[in-house]
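Working notes, structure below.
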Amino acid sequence: MPVYSEKVMDHFMHPRNVGEIENADGVGEVGNPVCGDMMTFYIKVKDGRLEDVKYKTFGCGAAIAVSSMVSEMAKGATIEEAQKITPESVAKMLEGLPKQKFHCSNLGAQALNKAIDDYLIKTGKLKADDSKCCPFCDHEDRENDPVCQQGCQVNISEAKTS
Amino acid sequence: MPVYSEKVMDHFMHPRNVGEIENADGVGEVGNPVCGDMMTFYIKVKDGRLEDVKYKTFGCGAAIAVSSMVSEMAKGATIEEAQKITPESVAKMLEGLPKQKFHCSNLGAQALNKAIDDYLIKTGKLKADDSKCCPFCDHEDRENDPVCQQGCQVNISEAKTS
Amino acid sequence: MTKVYLDHSAAAPLLPEVREAMMPYLGMDFGNPLSLHDWGDAPRDALEEARVQVAALIGAANPEEVIFTASGTESNNFAIKGLALAQQNKGKHIVISAIEHFSVMNSAKFMEKLGYEVSEVPVDKNGLVDPENVGKAIRPDTVLVSIMHANGEVGTIQPLAEISKITKEKKVVLHTDAVATCGAIPVSVKELGVDALSLAGNPFYGPKGSAALWVRRGVRILPLMDGGIQEGGRRAGTEDIAAIIGMGKAAQIAARDLVERGQKLTQIRDQLINGLPAKIPHVVVTGDLVKRLPGHASFCVEFIEGEAMLMMLNSQGVAVSSGSSCTSRALKASHVLLAMGYNHEIAQGSLLFTMGIQNKPEDIDHVLNVMPPIVERLREMSPVYSKFIKANKGGQ
Amino acid sequence: MTKVYLDHSAAAPLLPEVREAMMPYLGMDFGNPLSLHDWGDAPRDALEEARVQVAALIGAANPEEVIFTASGTESNNFAIKGLALAQQNKGKHIVISAIEHFSVMNSAKFMEKLGYEVSEVPVDKNGLVDPENVGKAIRPDTVLVSIMHANGEVGTIQPLAEISKITKEKKVVLHTDAVATCGAIPVSVKELGVDALSLAGNPFYGPKGSAALWVRRGVRILPLMDGGIQEGGRRAGTEDIAAIIGMGKAAQIAARDLVERGQKLTQIRDQLINGLPAKIPHVVVTGDLVKRLPGHASFCVEFIEGEAMLMMLNSQGVAVSSGSSCTSRALKASHVLLAMGYNHEIAQGSLLFTMGIQNKPEDIDHVLNVMPPIVERLREMSPVYSKFIKANKGGQ
Ligand SMILES: Cc1ncc(COP(=O)(O)O)c(C=O)c1O
Ligand SMILES: Cc1ncc(COP(=O)(O)O)c(C=O)c1O
């Protein structure tokens, strides 16, 4: 059996919505080369809906497929709907991800959310506060652990010194 | 390749001179079930020659072949000639013995020598003194080692208590 | 010449179906299961299929609990060293039986070098461990008990389900060396109640170089093979997929044929166990007559030595062992027989017949025909026998 | 579709002659080499013949110095743990290089749990160890130095003969992991001056599950596998004769064809090493260009990630690795590239092509054709690349 599901392979080989949006309403960047995967999401908002979603991704097959899937799930959705996209729902839509890929590569939903937050902050609908975020994958559950347990699993203290 | 040489197999399958000699001139018993091999040699002496040599052996294929070969080498020899039979010369005549069999099973020369000593003591030509002998294989080089290094390699102190 | 192979505990032939199953992995499907490209797919699938098959043979709920190794010896080393070291903060005391295979016994001895203490539980004349004695041997600092499921030399099957009641109560990890039982009798890790279990492929007609350690989920173990991330990081080293798939196939067939094989082997075993002492005086059956492996008949023939019998049987086309194949070249008498209370002299006369699925009742007939003259010849040559005869005459 | 396998360091196909040589031992000659009856003869002869063949491949004077194991990983674990433990009264300090295979590195880490200290000697940008640094790392309590012969990930061959001058002078045991070199380049334990050497069969088209540790006579080592008396008591466990005879045959053929193979592989290696950077900008060759394994081409492709390239190459029928096969599923960037001074970002773009004797120049042509569009596509998608382009535009 191949490592990746057919759905993942399809999105990896034919990623949807790749690119940047000039003058995007929100931009969200997550990840870091230490962890191996980086994504930048761009959104265009109109009437509370994500009129356009684009991204650029540095990373493995899973990371690329995840970005593509997230862009498809988000495009045309309301902000509230898009905020409900989770790593789990993305993995499900992709017909599963290999276990060891789940955390590290499945950053699309976070990147999208960060782009949405960026939009919300820019438009004054949200106050900037990312104190709880991992600096590498921007996972929210960091809680000052030296290792990003819930997110990219990078050893943060080690990675910072090296 | 078989474990044993053809010569060993021949002597093992068709041992020469098996048996006891009633009213033997000398009897030599060596070995012990701890070590796995026991041999009793019987000799009949006439005019300084071993007129007859017989033996009984409890032991592995090598032990039986060794006994048989020693009996052949000794039969008809002078006492002096017979005393010169060594484990090495026996092994050579047998076209080699497996390494791990060399010490433990190659007691034939010692048993023969013990039978000769027995004859020499009985006839007043030798004083009894076996203080340096291993109690299991009767090797001479014991020198108060707890393990019979040169002979049967039995751990003497262990074997005595068990 | 009639050829009768009765040394299956030393080595068993591969089943043709097993060899068939292995061939692709010695050919086109040579890839590494860790590879992310197409060449990794077939070996990865094969690996996981074999894991399911082996788990099924031992009634393990979760295939991921099966860790493939390269020999029964490796599984036992892994278990003893890995389970003990993983708990070194808890204590440094290990309990084993007095008749364990050398791979358990010498692994425990190795742990002594690292500051552990080892207690040996005795066995009775039939080679049985009394569960109560296991309980008595357990101390507050005991971290591991290892009692073999069946002994390969005397065939005795231990009351593991009763032993596990005690280790569970005392919250001590229980390992069992089931190399001799898996594929020969029904083995269920659940019913046995053990925490870890060693098995090997060759005893049930799988390839040499195939074996496994099953470790219950949640039980901590340190690797014996440090290195890469194979086997979930628990056993590093490129997997020998051909061996593993062969073990899986053999496990599948063993599970299917277990009952039928057992009945057949028990029948010819009893033919020999009853026949030999009836034909030859002063022959004792070693091991338990009831709690016994099918296809396993072991004896001590008094007054003569095992290897000599073995060689003469060989000249009649019959292959057997004296003691376990591992001990046959060592210079010491079987520690198993000594622990069961036999003296050195009798232990030297040990002879072991292990039957396989290809053996027939006629094979046993052949043995029963050729054995008596062999024993007679060797006894005629034996100084021990002549002493016995003289002593008995003297006594009359 | 064109199929091009360029991942021989992950797994190599068996030579047909090797498979032929193995077959009897998967069939009629299934016996145990320790058996004293006829069934033991053929496997025992095979075992000793293979030992001679393997000894010949590495220029070992004495075949008895070769101990068969089941993987390169086992050989390395055996060496590091066994050589260190055998000298524990002398000292508890081990020196390794910073780019050892995980089986050496993690074995050394395991020894730290037993109270040993481990020093890592750095490497330069090409992955070379400076022998002087080995000398500096040795302390009065150093009992073992282990420096790999060649690294499987970047192909760099170490100056072992110079390193052994230092260890001999300082009277410290020197082990080398030669899994990547044996059968690929001439290896002579005498010329290298080492005391112990690990090798495995699959890299030279022998079976998986076959490997060996050579230990110079007189050098003390404790077993990793405790148990029976196989391999002179140094490695217990029933021997996998089929694997061993396969390794012997493969060693014999490798010794015969070494020079020819080396020339051919060096040629197609250089075709790729020269061709790829010429066709694609921002590609760096990793490892030394001269002191390099034949058939080994490794790169870092900037701005994109290795696995994505690997998967796209796979869709074009090309099989490669990113980092070693063992690390490809781990979540960390290659410790080898980081130790050589590459940063994380570049290290993520690692790509490894390992060629085998069946590869042809056309295979490399195919790679050189399909690679550029793959890299282009992935760079177009890469936020790192767009930042680089923007920064460069700004700078102009
Ligand atoms: C240099 C080196 N050492 C050791 C090993 C481990 O060998 P094995 O996978 O046979 O355990 C490898 C495997 O690729 C290697 O390249
Ligand atoms: C009970 C038992 N445990 C362990 C082993 C060792 O297995 P292996 O020879 O596969 O290492 C044996 C081998 O005969 C055995 O009978």
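The values are calculated or read from the model by the stated rules, or taken from the named source; none is laboratory data. No experiment lies behind these values; they were computed from the predicted model shown. Cβ atoms come from the backbone with ideal geometry, glycine included; neighbour counts cover every protein chain shown.
Restricting the search to the stretch D:134-176, which residues are acidic (Asp, Glu), in contact with a strand residue (DSSP E or B) (Cβ under 7 Å, 6 or more places away or on another chain) and more than 16 Å from ligand 1 (Cβ to nearest atom)? Step through it out loud before you land on a result.
So in the stretch D:134-176, the residues acidic (Asp, Glu) come out as D:141, D:153, D:162, D:169.
Those left that are additionally in contact with a strand residue (DSSP E or B) (Cβ under 7 Å, 6 or more places away or on another chain): D:141, D:153.
Answer for the stretch D:134-176, where residues must be acidic (Asp, Glu), in contact with a strand residue (DSSP E or B) (Cβ under 7 Å, 6 or more places away or on another chain) and more than 16 Å from ligand 1 (Cβ to nearest atom): just D:Asp141.
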Does C:Asn77 fit the bill of being within 27 Å of D:Gly115 (Cα to Cα) and in a helix (DSSP H, G or I)?
-> yes
Could you list, in sequence order, the residues of the stretch A:74-90 that are more than 14 Å from the chain's Cα centre (by Cα) and farther than 19 Å from A:Asn17 by Cα?
-> A:Glu80
Which numbered condition D:Ile147 misses (of (1) touching a Gly at 6+ places or on another chain (Cβ under 7 Å); (2) of a type in the set (Val, Ile, Thr); (3) closer than 17 Å to D:Ser198 by Cα) | (1)
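Give me the residue from the stretch B:1-14 that is buried (at least 20 other Cβ atoms within 10 Å of the Cβ) and not in a helix (DSSP H, G or I) and, out of that set, modelled with the highest pLDDT.
Filtering the stretch B:1-14 for residues buried (at least 20 other Cβ atoms within 10 Å of the Cβ) gives B:3-4, B:8, B:11-12.
Cutting the leftovers down to not in a helix (DSSP H, G or I) gives us B:3-4.
Details: B:Val3: 85, B:Tyr4: 92.
Across the stretch B:1-14, the extreme among qualifying residues is B:Tyr4.
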Listed by first then second residue, the pairs whose first member lies in the stretch D:208-223 and is within 14 Å of another protein chain (Cβ to nearest Cβ), whose partner is hydrophobic (A, V, I, L, M, F, W, C) and part of a loop (DSSP other than H, G, I, E, B), with beta carbons under 6 Å and at least 6 positions apart or on separate chains, are D:Gly209/D:Ala70
Any idea how many residues of the stretch D:224-258 are within 16 Å of ligand 1 (Cβ to nearest atom), assigned to a helix (DSSP H, G or I) and either within 12 Å of another protein chain (Cβ to nearest Cβ) or not hydrophobic (A, V, I, L, M, F, W, C) (or both)?
-> 4
Counting only residues in the stretch D:169-195 that are closer than 23 Å to D:Val154 by Cα and assigned to a strand (DSSP E or B), the one farthest from ligand 2 (Cβ to nearest atom) is identified as D:Ile185
Selection from the stretch A:60-77 of residues more than 10 Å from chain D (Cβ to nearest Cβ) and outside any helix (DSSP H, G or I) yields A:Lys75, A:Gly76, A:Ala77
For the stretch C:144-168, what are the residues that are part of a strand (DSSP E or B) and crowded, with 24+ Cβ neighbours inside 10 Å?
-> C:Leu144, C:Val145, C:Ser146, C:Ala150, C:Thr156
Among the residues of the stretch B:23-43, is any assigned to a loop (DSSP other than H, G, I, E, B), within 14 Å of chain C (Cβ to nearest Cβ), in contact with a strand residue (DSSP E or B) (Cβ under 6 Å, 6 or more places away or on another chain) and at pLDDT 95 or above?
-> yes
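Answer with yes or no whether C:Val18 is surrounded by 19 or more Cβ atoms within 10 Å (Cβ to Cβ), at the interface with chain D (Cβ under 10 Å from one of its Cβ atoms), among the hydrophobic types (A, V, I, L, M, F, W, C) and touching a Pro at 6+ places or on another chain (Cβ under 9 Å). I'd like the intermediate steps shown before the answer.
Details: surrounded by 19 or more Cβ atoms within 10 Å (Cβ to Cβ): yes; at the interface with chain D (Cβ under 10 Å from one of its Cβ atoms): yes; among the hydrophobic types (A, V, I, L, M, F, W, C): yes; touching a Pro at 6+ places or on another chain (Cβ under 9 Å): yes.
Judged against the criteria, C:Val18 is a match.
Applying the selection to the stretch C:31-67, what residues are in contact (Cβ under 8 Å) with a residue 60 or more places away in the chain and within 16 Å of ligand 1 (Cβ to nearest atom)? Outline the logic, then answer.
Residues of the stretch C:31-67 in contact (Cβ under 8 Å) with a residue 60 or more places away in the chain: C:32-34, C:43, C:46-47, C:49-62, C:64-67.
Across the stretch C:31-67, the qualifying residues are C:Asn32, C:Pro33, C:Leu34, C:Pro43, C:Leu47, C:Ile67.
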So how many residues does the stretch D:221-243 have that are at pLDDT 95 or above, out of contact with any strand residue (DSSP E or B) (no Cβ under 9 Å at 6 or more places or on another chain) and more than 13 Å from ligand 2 (Cβ to nearest atom)?
-> 2
Would you please name the residue that is farthest from the other protein chains (Cβ to nearest Cβ), looking only at residues in the stretch D:178-198 that are within 9 Å of ligand 1 (Cβ to nearest atom) and within 13 Å of D:Asn76 (Cα to Cα)?
-> D:Ala178
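Here is a check on your reading of the model: is D:Ala308 of a type in the set (Gly, Ala, Ser) and under 30 Å from D:Pro43 (Cα atoms)? Spell out how you get there, then give the answer.
On the way: of a type in the set (Gly, Ala, Ser): yes; under 30 Å from D:Pro43 (Cα atoms): no.
When the stated conditions are applied, D:Ala308 does not pass them.
Examine the stretch D:59-71 for a residue that is part of a strand (DSSP E or B), within 9 Å of chain C (Cβ to nearest Cβ) and in contact with a strand residue (DSSP E or B) (Cβ under 8 Å, 6 or more places away or on another chain), and state whether such a residue exists.
Here is the first cut: in the stretch D:59-71, the ones part of a strand (DSSP E or B) are D:66-69.
Restricting the remaining residues to those that are within 9 Å of chain C (Cβ to nearest Cβ) gives D:69.
Subsequent filtering for residues that are in contact with a strand residue (DSSP E or B) (Cβ under 8 Å, 6 or more places away or on another chain) retains D:69.
Checking the stretch D:59-71: at least one residue is part of a strand (DSSP E or B), within 9 Å of chain C (Cβ to nearest Cβ) and in contact with a strand residue (DSSP E or B) (Cβ under 8 Å, 6 or more places away or on another chain).
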Could you tell me which numbered condition C:Ile268 fails, if it satisfies all but one of (1) more than 14 Å from every other protein chain (Cβ to nearest Cβ); (2) part of a loop (DSSP other than H, G, I, E, B)?
-> (2)
